[in-house]
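So the structure is just underneath, and the comments pick up after that.
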Amino acid sequence: MISLIDHQVGRIRIALRERGLDKNTILDLRPSRSGVALQLRTVRTQGQKLTLDLISGAGEMYDLLEDPYEMDNRFGDPAMAAMQKELTDMIASRPDDAVAPLPQIGMA
């Protein structure tokens, strides 16, 4: 099963890499595109990845060393609370890394 957030992030990540953006990028998926307003931030370290929706607080977190295919979402797992806080703090500490949303063209 492919997670909605990760699926959307995966497709957009390719476009962002082509523009030289990668590590800590803001994603603005408009409701007309995904059915729900999303404002996603992602941070990735060598061993972990966190995608956080700034609107709802929902997210996905993966231990890339133990789960390289991102099948086991550890977001909200008490055993990973310290790592989740560290990654969330990384996102919060770098607001200037956020890329301003592009203007909407059509329904996309």
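Working only within the range 72-88, note down all residues that are surrounded by 10 or more Cβ atoms within 10 Å (Cβ to Cβ) and over 14 Å from the mean Cα position of the chain (by Cα). Don't jump to the end; show me each part of the working.
Narrowing the range 72-88 to residues surrounded by 10 or more Cβ atoms within 10 Å (Cβ to Cβ): 72-77, 80-81, 83-88.
Across the range 72-88, the qualifying residues are 72, 76, 77, 80, 81, 83, 85, 86.
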> Across the range 54-67, what is the total count of residues that are in contact (Cβ under 8 Å) with a residue 40 or more places away in the chain, out of contact with any helix residue (DSSP H, G or I) (no Cβ under 7 Å at 6 or more places or on another chain) and part of a strand (DSSP E or B)?
Replying inline: 1
>> Please go through the range 73-91 and give me each residue that is outside any helix (DSSP H, G or I) and farther than 23 Å from residue 36 by Cα, ordered by number.
In response: 77
> List pairs: first in the range 70-91 and in contact (Cβ under 8 Å) with a residue 60 or more places away in the chain, second surrounded by 13 or more Cβ atoms within 10 Å (Cβ to Cβ) and of a type in the set (Val, Ile, Thr), Cβ under 6 Å, 6+ apart or cross-chain?
Replying inline: 90/43; 91/43
> Among (1) in a strand (DSSP E or B); (2) modelled with pLDDT of 80 or more, which single condition is residue 70 missing?
Replying inline: (1)
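The values are calculated or read from the model by the stated rules, or taken from the named source; none is laboratory data. From a predicted model like this one, the values you see are computed outputs, not experimental measurements. Neighbour counts run over all protein chains shown; Cβ positions are idealised from the backbone, glycine included.
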